[in-house]
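Step one of this worksheet: look at the structure below.
The values are calculated or read from the model by the stated rules, or taken from the named source; none is laboratory data. What you see is a predicted model, and the numbers here were worked out from it, not measured in a lab. Every residue, glycine among them, receives a Cβ derived from its backbone with ideal geometry; neighbour counts consider all protein chains shown.
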Amino acid sequence: MIKFSLLNPKIISEIQSSKKLQDKINTIFGFISQNIDDLDRLESTHILNMLEEIIETRINDLEHLSWKSGELIKRINIAESYSELRDIHGELNEIQKKIFEMQPSVFDLHRICTEYRDKISKKVINMVIRELITQNIYLPDESFAYIAVGSDGRKEQTLITDQDNLIVYEDSNGRYKDFFYEKFANLLVERLDYCGFKKCTGEIMPSNPIWRGTYSQWIKRVEKLCSFTSDDFQKNLVNLIVLTDLRFIFGDEELSDKFINDVMKIIYENHIVLNEIAKSAASLNVAKGFMKSFKVEKKGLHKGFINMKLNAWAPMILAIRAFAIKNKVIATGTVDRINELIKIGAFNKDDGEHYKKAYYTLARFKILCQINYIDGKYDDPNYLNPSDLNEKEKNDLLDAMSQVEKLQKLLINSMGLRI
């Protein structure tokens, strides 16, 4: 065991409160000790001095990048133009990419990307409202809420983002509110796109009339989606799935809370919706083959690659979502859902910990795909070439995929699904 008594008291406290940290430190120091035992004192000293220099440089680099990130985040609220916000957003993304390459913490990347994108979104909304005022288009009396869905709703933002949002506003007999929120939504989507929030290819944005409306319009819309009376069954299901990941961003928080609670109640109490989401989660193929191999694309532009989004990430997120709906868990974040499912006994603690580890592993590889895409190595951020991985990385990914398959089987058995 390593003695921590010579360290900074604050660091000692953090280490002593975390068995995970203690185990990691003992493993690292154990590895170092084993590999310098056959060296003489001078050689050992050279190795340790070199490690000290490398670690000190790494710490300094991380501290500088973290400081720079903090200063840029402070600038968001005082930015005076969309171009300034666009530049800040781009710099923050680049900093988080560099930090992740040095210290690949999925948890921290999710947290920080969500933090600064929320701030930028709020700033853009305020600027759009002021821009409309210059055109003599004023806010109506009916308040609104701007709400995130999808990965943004789950606080699982990464290096590449698009717009997945909706607008709900108060009911009234007046017609001006509809005119205003149409103008507002259209301009907002354009300004966010300019600031680095790409337009959603699935049109899940308030510029699409389906993704904005009064409270009563929304409730009727959700009830209709749950009835599956529309011809486009698959699109209905996708829309319902993203509506299970709602998070307030800006506006009337009381209206948002009521809207989110009522939408969740409608969806969570509909057994057909649960059944269809569960079947969708259990039916998706996982890219895990036999004898520690991967199922890769057989033809096309991405021959030899894994579709990480469709054949790893989506089955995991969907399966956890299905268990959350089944057990009336309201939390939206994937890890938060797993923690709640452990708490209520839907998952035992060991299985739950394995699922969380699998989630973080899949998220890490998803982010690495994005880095390869940003660097120009890949032409699509959703595909991974397994030949780029070392043996440990391959085993980590296969282990995570095994947990996804385990989740799918558990879902099938617990709900009596026929796939």
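Any idea how many residues of region 263-279 are over 14 Å from Asn327 (Cα atoms) and free of Cβ contacts under 8 Å to residues at least 12 places away in the same chain?
The total comes to 0.
Kindly establish whether Asp108 is of a type outside the set (Phe, Trp, Tyr) and closer than 30 Å to Lys366 by Cβ.
yes
Does Ile342 satisfy the criteria of being under 20 Å from Leu284 (Cβ atoms) and aliphatic (A, V, I, L, M)?
no
Just to be sure, is Arg191 farther than 25 Å from Lys119 by Cβ, surrounded by fewer than 21 Cβ atoms within 10 Å (Cβ to Cβ) and not hydroxyl-bearing (Ser, Thr, Tyr)?
Taking the combined requirement at face value, the residue does not satisfy it.
What number goes with the only condition from (1) outside any loop (DSSP other than H, G, I, E, B); (2) within 24 Å of Arg337 (Cβ to Cβ) that Cys200 does not pass?
All conditions pass for Cys200, except number (1).
Just to check your reading of the model, which residue among Arg321, Arg418, Arg337, Arg364 is without any contact (Cβ under 8 Å) to a residue 12 or more places away in the chain and within 28 Å of Leu240 (Cα to Cα)?
Within the list Arg321, Arg418, Arg337, Arg364, the selection yields Arg418.
Those residues that are farther than 12 Å from Val168 by Cβ and touching a helix residue (DSSP H, G or I) at 6+ places or on another chain (Cβ under 9 Å), I need them from region 199-220; list them, please.
Matches in region 199-220: Lys199, Cys200, Gly202, Glu203, Ile204, Met205, Ser207, Asn208, Pro209, Ile210.
If you take just the helices (runs of 4 or more DSSP H) that sit entirely in region 307-419, which of them hold at least 3 residues that are surrounded by fewer than 15 Cβ atoms within 10 Å (Cβ to Cβ)?
Once the helices (runs of 4 or more DSSP H) in region 307-419 are filtered for at least 3 residues that are surrounded by fewer than 15 Cβ atoms within 10 Å (Cβ to Cβ), what remains is 349-374, 391-415.
Run down Glu253, Glu223 and say which single residue is within 29 Å of Ser83 (Cα to Cα) and among the acidic types (Asp, Glu).
Unique residue meeting the criteria: Glu253.
I'd like to know if region 168-191 contains one or more residues that are in a loop (DSSP other than H, G, I, E, B), touching a residue at least 12 places away in the same chain (Cβ under 8 Å), farther than 18 Å from Leu255 by Cα and in contact with a strand residue (DSSP E or B) (Cβ under 8 Å, 6 or more places away or on another chain).
no
Being without any contact (Cβ under 8 Å) to a residue 40 or more places away in the chain and either crowded, with 19+ Cβ neighbours inside 10 Å or over 27 Å from Leu417 (Cβ atoms) (or both) is the requirement here; does Lys303 meet it?
Spelling it out, Lys303 is indeed without any contact (Cβ under 8 Å) to a residue 40 or more places away in the chain and either crowded, with 19+ Cβ neighbours inside 10 Å or over 27 Å from Leu417 (Cβ atoms) (or both).
Just give me the residues in region 263-272 being in a helix (DSSP H, G or I), surrounded by 14 or more Cβ atoms within 10 Å (Cβ to Cβ) and over 24 Å from the mean Cα position of the chain (by Cα), in sequence order.
Ile266 - this is the single residue of region 263-272 that is in a helix (DSSP H, G or I), surrounded by 14 or more Cβ atoms within 10 Å (Cβ to Cβ) and over 24 Å from the mean Cα position of the chain (by Cα).
Any idea how many residues of region 239-262 are within 26 Å of Asn126 (Cβ to Cβ) and either of a type in the set (Gly, Ala, Ser) or free of Cβ contacts under 8 Å to residues at least 24 places away in the same chain (or both)?
Of the residues in region 239-262, 4 are within 26 Å of Asn126 (Cβ to Cβ) and either of a type in the set (Gly, Ala, Ser) or free of Cβ contacts under 8 Å to residues at least 24 places away in the same chain (or both).
So Asp252 clears everything in (1) touching a helix residue (DSSP H, G or I) at 6+ places or on another chain (Cβ under 9 Å); (2) at pLDDT 95 or above; (3) buried (at least 18 other Cβ atoms within 10 Å of the Cβ) except one condition, right? Which one?
In the conditions (1) touching a helix residue (DSSP H, G or I) at 6+ places or on another chain (Cβ under 9 Å); (2) at pLDDT 95 or above; (3) buried (at least 18 other Cβ atoms within 10 Å of the Cβ), Asp252 misses (1) alone.
Looking at Asn275, is it in a loop (DSSP other than H, G, I, E, B) and either of a type outside the set (S, T, N, Q) or more than 17 Å from Asp164 (Cα to Cα) (or both)?
Judged against the criteria, Asn275 is not a match.
Of Phe250, Phe259, Phe290, Phe305, which residue is over 23 Å from Ser151 (Cβ atoms), of a type outside the set (Ser, Thr, Tyr) and out of contact with any His (no Cβ under 9 Å at 6 or more places or on another chain)?
Phe290
Working only within region 216-247, note down all residues that are in a helix (DSSP H, G or I), aromatic (Phe, Trp, Tyr) and surrounded by fewer than 17 Cβ atoms within 10 Å (Cβ to Cβ).
Phe233
Got a sec? Which of Ile32, Ile15, Ile28 is under 35 Å from the mean Cα position of the chain (by Cα) and modelled with pLDDT of 75 or more?
Ile28
Which one is nearest to Ile167 (Cα to Cα), of the residues in region 221-238 that are touching a residue at least 24 places away in the same chain (Cβ under 8 Å) and touching a helix residue (DSSP H, G or I) at 6+ places or on another chain (Cβ under 7 Å)?
Restricting to residues being touching a residue at least 24 places away in the same chain (Cβ under 8 Å) and touching a helix residue (DSSP H, G or I) at 6+ places or on another chain (Cβ under 7 Å), the top hit is Val222.
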